[in-house]
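Notes follow the structure.
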Amino acid sequence: MKIRLDNLLHSSLPLVLLLLAACGGGGGGSATPTPTPTPSPTPTPSSSYSVGGMLTGLITGNSITLTDNSTDQLLRTANGAFTFSTMLSNAAPYKLTLATTTPTAQPCTSTYGVGSINAANVTSMNVFCGMPGGLSTFNGISSLSQARSNHTSTLLPNGKVLVIGGWDGNNTLANADLYDPATGFWTATSSLPMARHSHTSTLLPNGKVLVSGGESTAGTLASDELYDPASGVWTAISLPPQIGFNQTSTLLPNGMVLVFDGINATLYDPATGVWSATGSTATMHLNHTATLLPNGKVLVSGGADNGGIGTADAALYDPATGIWSATGSLITARYDHTATLLPNGKVLVSGGYNGSNYLASAELYDPVSGAWAATGPLATPRSQHSATLLPSGKVLVSGAWNGSIYLGSAELYDPVTGAWAATGSLTTPRFQHTATLLHNGKVLIFGGYGGVPAVMGNYLSNAELYF
């Protein structure tokens, strides 16, 4: 056992003084005790934080070296969580770099791999390695239990993806599946109490999922349900004032959900479980898009009337007042398009159909001016495609119907240049599918209608990942 010398001297000092006094030492008079020195306080170490993340997709038998700030290296031979041994102090910068995988060269990249410590451990330095084919490619993965289109896909807080309902060409579906990115497999969860397609699903702040509206074989549904990921149980809730399908649902900053069916809007309050009406728009907007803006308002753009004629009208919903107001009109009337909020606060609208033509045009909405401006067009007209904002800030558009065939091509929009560029093609041409950005930076695409050859389509159960 190691004993500190200063502690030993301090504990022996009274005995030494007693012996000196008994022997008459110390100058012949009464000895004045020597004061015990106060030990210096041990300095409190500055707070430090661990840095790490998750590795996925590494081929078995391969290895990869991860380096943090070029000072701490980790050799990884298996997928899973990793943490660097070096602890970094608050405000210290960090940067993740990757070495080439061995013995097989395998494309790997990272998300959120650079930054500064902000008084918390860093767990977001995720690394994902692709299958042979390189970056910016689509790769097939395990299939869903059921072919479907017009379904919904919801990313849960635990990183899994909940797939709900849909249509398989003959039946409206009640079954639901979960995709786990950690394993790459699908598992069944409890089925909806009522089968539906063309509905909406919204992740609430409490972690539950609100499913609203849609259609069944009997017609438009007036039932809504909540899914609890913790228990896997569905619960029926109160009915909204209006019913609809092909509607949109938007989670507002105040935690309420705005559901808009193209004419009427309703609000759902998760705290009370109560629905309330919240006004109508001046123009019909069937098959529109709804986008939550940075200022908290909701932009509804485009849509169609009952005759299938597109509109260029756009409207804003203000949660603070509950009032709808007109904003600048689109340059081109359209529906079955996509709308994506960009990191700069603008909204990118691409493709769609106007009642006569399938569109390749794209435009940007500026919330500050309320005006639309043209941006670079798509390489090919697209309708009922998907659009996904990537961690890089670019927008991935994939699949579509163009009036004669369903597309397997994909394009990337760069907000810096305003131009589109081709990227890898889908393994299966499709439209009416869903695309979900996962926590690891990959995009999960599945379902829809399509296949090869293009003139003999079917409802799809297969899935793929873009990275």
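Quick notes
- For the chain, adding -39500 (n - 2.57) for each run of n ≥ 4 DSSP H residues and dividing by the number of residues yields -1500 deg cm²/dmol at 222 nm.
- Distant alpha-carbon pairs in segment 417-467 (separation over 18 angstrom), percent: 39 percent
- The distance separating the Cα centre of segment 163-220 from that of segment 317-349 comes to 27 Å.
- Ratio Rg/Rh, restricted to segment 325-431 and using Cα atoms, in which Rh is the Kirkwood radius: 0.96
- Here the translational diffusion coefficient of the chain follows from Stokes-Einstein with Rh set to the Kirkwood radius across Cα pairs; for 10 °C and 1.306 mPa s it amounts to 62 µm²/s.
- Accessible-area value, Trp420, 1.4 Å probe, nucleic acids and ligands omitted, Å²: 40 Å²
- Put a dot 7 Å past the Cα of Thr102, heading toward its Cβ, do the same for Ala419, and the two dots end up 3.9 nm apart.
- Top positive-direction residue, dipole computed over the chain with Cβ charges, set Leu390, Pro240, Asn175: Leu390
- Computed from point charges on the beta carbon alone (+1 for Lys and Arg, -1 for Asp and Glu), the dipole magnitude for segment 135-279 about its Cα centre is near 120 Debye.
- Inter-label distance, nm, simple model (7 Å from Cα along the C-beta direction), Val274/Leu293: 2.9 nm
- When a 1.4 Å probe is rolled over the protein heavy atoms, the share of accessible surface on the chain that falls to carbon and sulfur comes to 57 percent.
- Residues whose amide H lies under 5 Å from that of Phe82, counting only those 5 or more places away or on a different chain, are Gly53, Met54, Leu55; hydrogens are built 1.01 Å from N in the peptide plane.
- Only protein heavy atoms count here; under a 1.4 Å probe, Leu465 has an accessible surface of about 10 Å².
- Pairs of lysines in the chain whose Cα atoms sit within less than 23 Å of one another amount to 7, provided the residues are eight or more positions apart or on different chains.
- About its Cα centre, the dipole of segment 330-433 is roughly 140 debye, where the only charges are +1 on Lys and Arg Cβ and -1 on Asp and Glu Cβ.
- In a fully extended conformation the segment linking Ala230 and Asn121 would gain 36.7 nm over its present Cα-Cα distance, using 0.36 nm per residue.
- In order along segment 186-196, the Karplus-derived 3J(HN,Hα) couplings, from 6.51 cos²θ - 1.76 cosθ + 1.60 at θ = phi - 60°, round to 9, 9, 6, 10, 4, 7, 4, x, 9, 4, 6 Hz, and Gly and Pro are given as x.
- Here's the picture: a label point sits 7 Å out from the Cα of Ala374 along the beta-carbon direction, and within segment 388-425 the residues with their amide nitrogen under 20 Å of it are 413-421.
- Overall form of segment 310-365 per C-alpha gyration tensor (a/c, 1.5; a/b vs b/c): oblate
- Between the C-alpha center of segment 49-78 and that of segment 258-316 there is a gap of 46 Å.
- Projecting the Cα atoms of His197, Thr278, Ser409 onto the charge dipole of the chain, computed from C-beta unit charges around the Cα centre, puts Ser409 farthest toward the positive end.
- Computed E for Ala91/Thr187 - FRET, C-beta separation, R0 41 angstrom, nearest 0.05: 0.45
- For the chain, a simple Cβ point-charge model (Lys and Arg +1, Asp and Glu -1, everything else neutral) yields a dipole of about 920 debye relative to the Cα centre.
- FRET efficiency for the pair Ile263 and Asp318, taken as 1/(1 + (r/R0)^6) with r the Cβ-Cβ distance and R0 = 30 Å, rounds to 0.95.
- For the chain, the solvent-accessible area works out to 45 Å² per residue, with a probe of 1.4 Å and every protein chain left in place.
- The gain in end-to-end length when the Leu342 to Ser356 segment is fully stretched comes to 2.2 nm, 0.36 nm per residue minus the alpha carbon separation.
The values are calculated or read from the model by the stated rules, or taken from the named source; none is laboratory data. Predicted, not measured: the structure shown is a model, and the values here were computed from it. Methodologically, a virtual Cβ is constructed for each residue, glycine included, from the backbone with ideal geometry; neighbour enumeration extends over all protein chains shown. We work out accessible area using only protein heavy atoms, side chains counted, and drop any ligands, DNA or RNA first. Shrake-Rupley method; radii C 1.70, N 1.55, O 1.52, S 1.80 Å.
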